[in-house]
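The values are calculated or read from the model by the stated rules, or taken from the named source; none is laboratory data. Computed from a prediction, not measured in an experiment: that's the story for all the values here. All Cβ positions, even for glycine, are placed from backbone atoms using ideal geometry, and neighbour counts span all protein chains on display.
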Amino acid sequence: MKYMKKRDGFTLIEMLIVIALMAIMATVFLSYDRSGERQVILIGEQAKVVALLNRAKTLAMGGDSDSTIEDIKNSSGEVVTVSIGGGNTVTVKKANGTVPSAGMITLAGNIKISGSDITFTGPSLKSSGGNWTLTSGSLETTIEVTSAGAITYK
């Protein structure tokens, strides 16, 4: 009678199947992680743009970094324009063409922004209105400014 030898370990086929499954799982995990990371960066940059638009509204009402509520109430306001330059730079300019402190941001990485200039006119805060779209690859988000100066984003 022939006796079968007891074999320890795995066969080559079993090892190849395990390696293939691990490679597939790693690919799925890495692709999911990258899209989530891009989404977080896009939302962060959107928040920076919204903060800059709010700064422009404050400047249009006649406020500045050291203005009090009374200063703003007594101001006749001014015209402030927020514009896009080069696809990833957003700048606030007063009517005389000056850029106030913290009045310019550059968006991170491969994030692009598109849309037309938005003008705020104080003290009533009338706005030219418009939509801006931020994109990063296939992801995008929209910022809308109404004619009443309200800022919404999705």
Please count how many residues of segment 85-115 are surrounded by fewer than 14 Cβ atoms within 10 Å (Cβ to Cβ) and free of Cβ contacts under 8 Å to residues at least 24 places away in the same chain. 9
Taking the condition surrounded by fewer than 16 Cβ atoms within 10 Å (Cβ to Cβ) and over 22 Å from Ile43 (Cβ atoms), does Gly129 pass? yes
Picking from Gly36, Gly9, Gly44, the residue that is in contact (Cβ under 8 Å) with a residue 12 or more places away in the chain and either loosely packed, with under 10 Cβ neighbours inside 10 Å or on the phi < 0 side of the Ramachandran plot (or both) would be Gly44
Of the conditions (1) at pLDDT 85 or above; (2) part of a strand (DSSP E or B); (3) touching a Leu at 6+ places or on another chain (Cβ under 9 Å); (4) not charged (D, E, K, R), Val80 clears all except one; give me its number. (1)
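Working carefully through the options Ile111, Ile118, Ile151, find the one that is under 10 Å from the mean Cα position of the chain (by Cα) and of a type outside the set (Lys, Arg). Please lay out each step first, then the result.
On the way: Ile118 fails: under 10 Å from the mean Cα position of the chain (by Cα); Ile151 fails: under 10 Å from the mean Cα position of the chain (by Cα).
Exactly one of Ile111, Ile118, Ile151 is under 10 Å from the mean Cα position of the chain (by Cα) and of a type outside the set (Lys, Arg), namely Ile111.
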With the condition kept exactly as written, say whether any residue in segment 33-54 is in a helix (DSSP H, G or I), more than 24 Å from Ala148 (Cα to Cα), basic (Lys, Arg) and at pLDDT 80 or above. yes
Can you name the number of the only condition in (1) buried (at least 16 other Cβ atoms within 10 Å of the Cβ); (2) under 14 Å from the mean Cα position of the chain (by Cα) that Gly137 fails? (1)
Among the residues of segment 97-149, count how many are modelled with pLDDT under 85 and basic (Lys, Arg). 1
